[in-house]
Amino acid sequence: MSQKDRLMRDMKANPQTDYHTAVMTDEVVWLMHPKPGGVYIDCTLGSGGHAHRLLEFVCDDAQVIGIDRDQDAISAAKQRLKCFRDTVTFVHGNFSDLQDIVENLRIPQVDGILFDLGVSSYQLDEAERGFSYMEDGPLDMRMNQGAGLSAEDLVNTLSVKEITDILRTYGEERWAARIANFIVEKRDKAPITTTGELVEIIKAAIPARARRSGPHPARRTFQALRIAVNHELDNLHEGLEQAMKILSAGGRLIVISYHSLEDRIVKTTFLEMSDPRNHGSLRILTRKPIVPCREEVIANPRSRSAKLRAAEKF
Ligand SMILES: C[S@@+](CC[C@H](N)C(=O)[O-])C[C@H]1O[C@@H](n2cnc3c(N)ncnc32)[C@H](O)[C@@H]1O
């Protein structure tokens, strides 16, 4: 049975399946303040957890455009949101093309835009997708399966310096240069093709004393490669710029990020867009980022690093 068939079977058996547990849904609804007849864009639809909550809140009297670059996510969301079939438009695309997407759909107004960044639990847990350092699988990491370069392409073709830069910039990895050297040494003998092989290389590169405490030794490298493979930070810059252009006056922009590089971009972009010296037309609603409550973190440990920032266009 193919990966997609398995996913669809599980989603049909239980549409609330643990494909992904949406984070801070109450806070998103409260800050988005959706109104009947409004138009909302979920730029990172995943399995539709946030979209479902927004539509429940307005008794399905709103229009939601759900975008995801992962075809598996679109399939899962279609299943989960089938009771709202007439109100949701599904778009398999990249939120860095937000303006074109909205223009093609001829949407006259946008009342709210949500970005829930990063990867879903499904993407992380499915070994075949290659995001996980806990499971052995092909070294892929592409959110949009089949498009662009994979992590395997990067580790087997980039120079030591290029790999070091990626691990340092996107993973803030202290042992970046050592890991890059070990990767190149290993690939000179045979190409690196699986997540398991890469984990072993990272473990060999990081001195034992540094591996004894802290998170999994491969966590930073995997985060860095994932960001590079999917151009995540460039897409975020572009997505926020375009969101600001298409949002109607009074419309709300909500961003949930999961690591400091993303949060820094959201914070500085919001500040720039709200600065009167730049003729900013954004009012920041969250002076400090909102984080999940203790109960949510206990129930869903993956929510622990989430930071939510919200703003309103005027
Ligand atoms: C954290 S999950 C979102 C989960 C979703 N809020 C839910 O309730 O199920 C992030 C999703 O964003 C998608 N994604 C990440 N970057 C994207 C981009 N540039 N354009 C479109 N989708 C993107 C991923 O494929 C993933 O499905």
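The values are calculated or read from the model by the stated rules, or taken from the named source; none is laboratory data. Note that the coordinates shown come from a computational prediction; the quantities given were computed from them, not determined experimentally. Using ideal geometry, Cβ is built from the backbone for each residue, glycine included, and neighbour counts are taken over all protein chains shown. We work out accessible area using only protein heavy atoms, side chains counted, and drop any ligands, DNA or RNA first. Shrake-Rupley method; radii C 1.70, N 1.55, O 1.52, S 1.80 Å.
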For the pair S260/E162, report the inter-label distance in nm, with labels modelled 7 Å from Cα in the Cβ direction. 2.8 nm
Solvent-accessible area per residue for the chain at a 1.4 Å probe radius, Å²? 48 Å²
Identify the residues of segment 32-65 with backbone N under 19 Å of a label point that sits 7 angstrom from the Cα of S281 along the Cα-to-Cβ direction, or state none. 39-41
Give the lysines reachable from K186 as a straight Cα distance under 26 Å; neighbours fewer than 8 places away on the same chain don't count. K161, K203
Considering the Cα positions of the chain, please state its Rg to one decimal place and its Dmax as a whole number of Å. 20.1, 61
Restrict the search to segment 87-176; then list the trypsin sites (Lys or Arg not before Pro) that DSSP places in a loop and that have at most 11 other Cβ atoms within 10 Å of their Cβ. R106
Pull up the cross-link candidates among the aspartates and glutamates for K82, meaning alpha carbon to alpha carbon under 19 Å and not fewer than 8 places away within one chain. D5, D10, D18, D42, E56, D60, D61, D68, D70, D72
Given 20 °C and 1.002 mPa s, compute D for segment 174-314 with the Stokes-Einstein relation, Rh being the Kirkwood radius over Cα pairs; round to the nearest whole µm²/s. 119 µm²/s
From DSSP H assignment alone, runs of 4+ in the chain each adding -39500 (n - 2.57), the sum over residues rounded to the nearest 500 puts [θ] at 222 nm at -13500 deg cm²/dmol
Rounded to the nearest whole number, the Stokes-Einstein translational diffusion coefficient of segment 132-230 at 4 °C and 1.567 mPa s (Kirkwood radius, C-alpha pairs) in µm²/s is 98 µm²/s
